Amino acid sequence: MSARAQVVVHADKGELVDAVAERFVRLVPRLLAQQDVLHIAVTGGSVGIGVLERIKELSTAHDLLWDRLHVWWGDERFVASESPDRNEKQAREALLDHVPIPEHNVHAFPASDSVPDQARAADLYARELASYAESRAWPAFDLTFLGVGPDGHVASLFPGFPQLAEHTLGVAAVQDSPKPPPLRLTLTLPVLNDSRRVWFVLAGADKADALRKALDQVSVEQAPVAGVTGTEETLFMADSEAASLLD
Ligand code: 6PG
């Protein structure tokens, strides 16, 4: 099942970041009135991290019940734990270090200095996912944030790369990412597509072609963003530059 894509356009990157964060702080209590916990996948990238910073600012006025939120990552750079490149480190500095989320609710990919190699890291993250999924291999995320690259990549799924063909495993390693750093770990399409809600966040004129391709539903090989939908909601939130090629 996949929800038809909807697009919301905001004037500029600042307004976009504010609107996404506000939508998030409104959604969380609404969902937690109906279920015990939420599984949320966050993203790196300037818009994704900007949204987390804004959520931190808004969280002082909203009780987000952090002990009932589980945070995962759509992808991670396979670098040392203290590397500034690490999505986890950026997300902690932007939000997670400032809110009362229990440490065991934060599910970061293993860092390169904590495991022998990428294969072991991917396997450990897959096991962590499975441990929250009862009889399935991964939980259906309640919300997945995804930034989008100018080439249409999402998470660390890049156009033409073999990880796009992974239909069984939930986690894949990337050795030659076109966007540095080259070594990465990523959730695969089956995991992303099990998400109930997928919120794409895009800002800047260099994203216009990727957004157009996503909505034109080009092949996933051409633009991985075109191959991801939520089961209940697929929402593209863009600034006016990223939306400039839409009708
Ligand atoms: C990464 C990022 C990457 C990012 C997009 C969008 O690991 O390199 O997660 O996938 O989300 O490139 O980035 P911006 O939000 O900065 O445009």
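Can you tell me the dipole magnitude for the chain around its Cα centre, using point charges on the Cβ only (Lys, Arg +1; Asp, Glu -1), in Debye to the nearest 20?
Values: 22 positive and 36 negative charges, 65 e Å.
Result for the chain is approximately 320 debye, rounded to the nearest 20.
Would the stretch 141-247 count as rounded, prolate or oblate if I go by the C-alpha gyration tensor, calling it rounded below 1.5 in a/c and otherwise prolate when a/b exceeds b/c, oblate otherwise? Since a/c reaches 1.5 but b/c is at least a/b, the shape of the stretch 141-247 is classed as oblate. The helix-only estimate of mean residue ellipticity at 222 nm for the chain, built from DSSP H runs of length n ≥ 4 each weighted as -39500 (n - 2.57), is -8500 deg cm²/dmol after division by the residue total.
Shape verdict for the stretch 176-237, please, from the Cα gyration tensor: rounded (a/c under 1.5), prolate (a/b greater than b/c) or oblate. Here the stretch 176-237 falls in the oblate category.
Among 117-123, 39-45, 79-85, the peptide with the highest mean count of other Cβ atoms within 10 Å heads the list, and the full ranking is 39-45, 117-123, 79-85.
Antiparallel as a % of all DSSP beta bridges within the chain, to the nearest 5? Before the final figure, lay out the partial values.
Working: 8 of 32 bridges.
About 25 percent, rounded to the nearest 5.
The slack between Q175 and D216, meaning 0.36 nm per residue of separation minus the straight C-alpha distance, is 11.8 nm. Per-residue SASA remark: S135, around 120 Å² accessible (1.4 Å probe; ligands, DNA and RNA not included). Can you tell me what share of the DSSP beta bridges in the stretch 171-247 is antiparallel? A percent to the nearest 5 is fine. Antiparallel bridges make up about 40 percent of those DSSP assigns within the stretch 171-247. Ligands, DNA and RNA aside, K56 has an accessible area near 60 Å² when probed at 1.4 Å. Whole-Hz Karplus values for the stretch 134-147 come out as 6, 8, 9, 8, 7, x, 7, 4, 6, 8, 10, 8, 9, x Hz, taken residue by residue from phi with 6.51 cos²θ - 1.76 cosθ + 1.60 and θ = phi - 60°; glycine and proline positions read x.
Less than 5 angstrom separates the built amide H of H70 from those of L38, H39, I40, all sequence-distant by 5 or more or on a different chain. Only lysines eight or more places from K207 in sequence, or on another chain, were considered; those with a Cα closer than 16 Å are K13, K179. Computed from backbone phi, the HN-Hα couplings of the stretch 184-200 come to 9, 10, 9, 5, 9, 4, x, 5, 4, 6, 8, 5, 5, 10, 10, 10, 8 Hz, rounded to whole numbers (Karplus: 6.51 cos²θ - 1.76 cosθ + 1.60, θ = phi - 60°; Gly and Pro given as x). The Cα atoms of the chain give a gyration tensor whose axes a ≥ b ≥ c have a/c under 1.5, which makes the shape rounded. Membrane-span-like helices in the chain, defined purely by DSSP H runs whose alpha carbon atoms cover 15 Å or more axially and whose average Kyte-Doolittle hydropathy reaches 0.0, are 13-32, 46-59.
The values are calculated or read from the model by the stated rules, or taken from the named source; none is laboratory data. None of the values given here were measured: they were computed from a predicted structure. Backbone-built Cβ (ideal geometry, glycine too); neighbour counts: all protein chains shown. Remember, those area values only see protein heavy atoms, side chains included, never the ligands or the DNA or RNA. Shrake-Rupley method; radii C 1.70, N 1.55, O 1.52, S 1.80 Å.
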